[in-house]
Amino acid sequence: MKIIPKPHKITEVSGGTFIFSAATVLPDGYSVIREKLAAISSSFKSVEPNEITLKLSEDCDLKGEEYRLEITPQKVEITAKNYKGLFYGTQTFIQLAFEHVIDKVSAMPCVIIEDMPRYPFRAFMLDVSRHFFCIEDIKRQIDLISALKINRLHFHFCDDQGFRIEIKKYPKLTEKGAYRAQTRGDGKPHGGFYTQDEIKDLVAYAALRAVEIVPEFEIPGHCTAVLAAYPELSCRGEGLPVGDRFGIFMDIYCGGNAKTVEFIKDVLSEIAELFPCEYIHLGGDEAPKMHWRQCPKCRAAIEGNGLKNEEEFQAYLTNEAIKHIKQYGKTAIVWNESMNSGMLDESAVCQYWWENESKIAAAANRGRKLIVSKTAPFYLDYPYGSNSVKDIYKFNLSLPGLDGDGEKNILGFDAPLWTEYVSEADIDFKAYPRLIAAADRGWTDCAPDYADFKSRLENILSIFSGYGVKYATLVDAEPGYFRARKSLRKWKRISGGDKFAEAVYRAYIADKRKNEKR
Ligand code: ACM
Ligand code: ZN
């Protein structure tokens, strides 16, 4: 059967078919599920009445996201312990309905599907800082990922180029920090932000589609947009424009300034109240330490707290933030650089994206929870020439060096779409079908079989096509040698050529290497 992600167990039951039609009686309540079913059944021919029922059962033997879908000629029954399971069972049913439609009649075989995910964390990251996406575009992506049983939207809402959520206590974050004058010399202002009411609406929208939004508030780097609004929070205290180029920025939060630490906690309090999620992402990637080394306040804080170096200071500050969000019942996720000092609170989940793979595997073997986002194959902004759909499908969500305990600490994957060079015009092309492959591997416990995946892919792609999704066809998504080279050349042309950004990056890397030897 052409279902993505591939279900855990399908039992075919002989005898008859269930015909999904305009006459099918849809379940009461569960308005989003009902609307999704109604939108499809109303386009099918009307035949004999039959029924779809949803059964939320506290005392069934199903857990968490599991569901059971039973199709008989008279009735479809979806059973789950919670709403997520009912939503997933419906998604599976919808894919079956489309697979078996001929001439506006969908006649499905009788089956029992018992299904459950392999990994609990299956995420798509959208960077709304580099490019501001309107709420409707984000909701559309939530609908698409929810059809794939991706259960988290990692919301990268602040970075050097824009701060995008209204924070009541610090209004300048969005008055000033949400807008940049131009981007890489294009002379065009860019910006926007989400009010707290819009965020609440978005969170509720996502929850009804079994998606939890995980906000990322970046510390201690990637914060130029904040420092443009509140320059006193940096070591140098100098006024800066909101980032109008891409890459690394040397000014980061002054960790030695009590006002900065108070600011970080205040923002986290508002974020924790807005997002009823299990996790808050605290960033931690690419934080240059040059200014911390020169700053009297940071020096005093490092010495006063008995810390050996700036890497330990990053972990110390991150641990303060972790302690703060624990009061709201939240667990932290951090990019892997936050672990460099070895001092990071053990509750924090490490999101692995580059370098130190063996150190990270060793940390997982000792108990650290891991999310895998390795740049190749998971970065969705990268061209298909380096990260093809086949690469992402074939990637084992494991790291060299993991032992049996370490394997158990892998929570899942997060496929990031950074948007320095991506807008609403090309989000579909970049994300699909790669996210479809990631979703399949993150859910199923079956051994990878790329030919089988491709045979299932066409059904979901034709459903997406009906929703107007401009996905990449396999000609682009699984390119041969020449097309791959062409996509890499195009990527270099679009993303390269900023000599200043390249020089800053080299300086950052040189300094980082020096730190690693200290
Ligand atoms: C990252 O790509 N800087 C996490
Ligand atoms: Zn400082």
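The values are calculated or read from the model by the stated rules, or taken from the named source; none is laboratory data. Just so we're clear, the structure is a prediction, and the values are computed from it rather than from any experiment. Note: ideal-geometry Cβ built from the backbone for every residue, glycine included; neighbour counts use all protein chains shown. Heads up: the accessible areas ignore ligands, DNA and RNA and are worked out on the full protein's heavy atoms, side chains in. Shrake-Rupley method; radii C 1.70, N 1.55, O 1.52, S 1.80 Å.
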- So, in segment 253-293, of the ones that are small (Gly, Ala, Ser) and more than 16 Å from ligand 1 (Cβ to nearest atom), which residue ends up surrounded by the most Cβ atoms within 10 Å (Cβ to Cβ)? 255
- Query: Could you list, in sequence order, the residues of segment 406-432 that are within 16 Å of ligand 1 (Cβ to nearest atom) and in a loop (DSSP other than H, G, I, E, B)?
  - Reply: 418, 419, 420, 421, 422
- Six or more apart or on different chains, Cβ under 7 Å: which pairs go from a residue in segment 287-311 that's in contact (Cβ under 8 Å) with a residue 60 or more places away in the chain and over 13 Å from residue 515 (Cβ atoms) to one that's in a helix (DSSP H, G or I) and within 9 Å of ligand 2 (Cβ to nearest atom)? Could you list them? 298/292
- Across segment 360-387, the tally of residues that are within 16 Å of ligand 1 (Cβ to nearest atom) and at positive phi stands at 0
- Query: What do you reckon, is residue 106 open to solvent by 10 Å² or more (accessible area, probe 1.4 Å) and either under 17 Å from residue 211 (Cα atoms) or over 27 Å from the mean Cα position of the chain (by Cα) (or both)?
  - Reply: no
- Task: Keeping to segment 344-359, report how many residues are away from ligand 1 (no atom under 13 Å from the Cβ), surrounded by 18 or more Cβ atoms within 10 Å (Cβ to Cβ) and either more than 14 Å from residue 410 (Cα to Cα) or not hydrophobic (A, V, I, L, M, F, W, C) (or both).
- Result: 1
- Within the bounds of segment 242-252, is there any residue that is buried (at least 22 other Cβ atoms within 10 Å of the Cβ) and either polar (S, T, N, Q) or within 12 Å of ligand 2 (Cβ to nearest atom) (or both)? yes
- Task: For residue 384, state whether it is over 17 Å from the mean Cα position of the chain (by Cα), farther than 29 Å from residue 40 by Cα, among the aromatic types (Phe, Trp, Tyr) and in a loop (DSSP other than H, G, I, E, B).
- Result: yes
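Quick grid of which residues meet (1) of a type in the set (S, T, N, Q); (2) within 30 Å of residue 499 (Cα to Cα); (3) within 15 Å of ligand 2 (Cβ to nearest atom); (4) under 24 Å from the mean Cα position of the chain (by Cα):
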| position | (1), (2), (3), (4) |
| --- | --- |
| 254 | no, yes, yes, no |
| 264 | no, no, yes, yes |
| 280 | no, no, no, yes |
| 289 | no, yes, yes, no |
| 303 | no, no, yes, no |
| 307 | no, no, yes, no |
| 318 | yes, no, no, yes |
- Task: Have a look at 425, 362, 376, 415 and point out the one that is open to solvent by less than 10 Å² (accessible area, probe 1.4 Å) and modelled with pLDDT of 95 or more.
- Result: 415
- Residues that are open to solvent by 50 Å² or more (accessible area, probe 1.4 Å): find the helices (runs of 4 or more DSSP H) completely inside segment 434-518 holding 1 or more of those. 450-466, 474-477, 481-495, 499-517
- Just one of 212, 198 is open to solvent by 10 Å² or more (accessible area, probe 1.4 Å) and either aliphatic (A, V, I, L, M) or closer than 19 Å to residue 124 by Cβ (or both); which is it? 212
- Item | Hits in segment 137-160 - residues which are more than 14 Å from residue 90 (Cα to Cα) and basic (Lys, Arg) | 139, 140, 152
- Query: Mind checking which residues of segment 74-92 are in a strand (DSSP E or B), open to solvent by 10 Å² or more (accessible area, probe 1.4 Å) and within 23 Å of residue 47 (Cα to Cα)?
  - Reply: 75, 77
- Message: Please count how many residues of segment 51-66 are buried (at least 18 other Cβ atoms within 10 Å of the Cβ) and more than 14 Å from residue 84 (Cβ to Cβ).
- Response: 1
- Would you check if there is a residue in segment 391-405 being in a helix (DSSP H, G or I), away from ligand 2 (no atom under 16 Å from the Cβ), over 13 Å from the mean Cα position of the chain (by Cα) and farther than 20 Å from residue 445 by Cβ? yes
